[in-house]
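Values quoted throughout were computed directly from the atomic coordinates according to the rules given, and no laboratory measurement underlies them. The structure presented is a predicted model; accordingly, all values stated were derived computationally and were not measured. Using ideal geometry, Cβ is built from the backbone for each residue, glycine included, and neighbour counts are taken over all protein chains shown.
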Amino acid sequence: MKEIGYTKPLFILAFDHRASFSRDLLAVAGEPTAEEVPQIQQLKGIIFSGFKQAVAKDIPKAAAAILIDEQYGSAIIAEAKSQGINFVLSVEKSGQAEFTLEYGGDFAEHINKFNPPFVKALVRYNPAGDAELNKRQLDKLKKFSGWCSNQSYKFLIE
């Protein structure tokens, strides 16, 4: 029988923020400019450096992971992979009220490019909220979860 869960401890440092990161840290309204993107990447690099220091000191590498986005974290993902660091790739479009995959119909290409051990989707779901919105999101999540299972990606919902 195929194992679908993850039964080991995993401590995840999340820095997959995109819209809120640029807005709240750099006061960027809308999409960052070509000059602002390297600033965001540099700040995420600082966070990753702190993660690596923590793992080097006290945290078992096998129980540690980073949660990172493709948009600003591609170089960090490459470094994490080369160093055998667990990573979780965020797949949702940032800043949306309704769960939507970041790259729409091209999501598989983007996920497979990195071959992450885990993928994560942020879902804003309120059981007492809009029933139609909830149904659409559940339908999307079911479809995406099935795809993840078929591809052997571990899937986290935030």
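In angstrom, the C-alpha Rg and Dmax of segment 91-139 are 12.3, 38.
For segment 1-54, trypsin sites (Lys or Arg not before Pro) are listed when DSSP marks them as loop and at most 14 other Cβ atoms sit within 10 Å of their Cβ; the list is Lys2.
The share of Cα pairs per 10 Å bin across segment 11-157, counted from zero up to the longest distance, runs 10, 38, 35, 16, 1 percent.
Full extension of the chain between Lys52 and Ser145 gives 30.5 nm of extra length, using 0.36 nm per residue less the Cα-Cα distance. Can you list the aspartates and glutamates whose alpha carbon is less than 15 Å from that of Lys61, not counting same-chain residues fewer than 8 positions off? The qualifying aspartates and glutamates are Glu79. Of the cross-linked pairs Lys120/Lys142; Lys113/Lys140; Lys44/Lys140; Lys44/Lys154; Lys120/Lys140, those separated by over 19 Å at the C-alpha level are Lys113/Lys140; Lys44/Lys140; Lys44/Lys154. Length gained on full extension, Arg23 to Ala75, computed as 0.36 nm times the residue gap minus the Cα-Cα distance: 16.6 nm. Backbone amide hydrogens, once placed in the peptide plane, bring Lys120 within less than 5 Å of Leu89, Ser90, Val91, Leu156, excluding anything fewer than 5 places away on its chain.
Note on Tyr6 and Ile59: with the Förster distance fixed at 22 Å, the Cβ-Cβ geometry gives a FRET efficiency of about 0.80. Label sites at Ala97 and Lys135, each approximated as a point 7 angstrom past Cα along Cα to Cβ, lie 1.8 nm apart. Look at Ile59, Ile77 and count the other Cβ atoms within 10 Å of each Cβ; fewest to most, that gives Ile59, Ile77. Whole-Hz Karplus values for segment 16-33 come out as 8, 5, 10, 4, 5, 4, 5, 6, 7, 8, 10, 6, 8, 9, x, 6, x, 7 Hz, taken residue by residue from phi with 6.51 cos²θ - 1.76 cosθ + 1.60 and θ = phi - 60°; glycine and proline positions read x. Sequence-distant contacts, meaning Cα pairs under 8 Å at least 6 residues apart, place the relative contact order of the chain at 21 percent.
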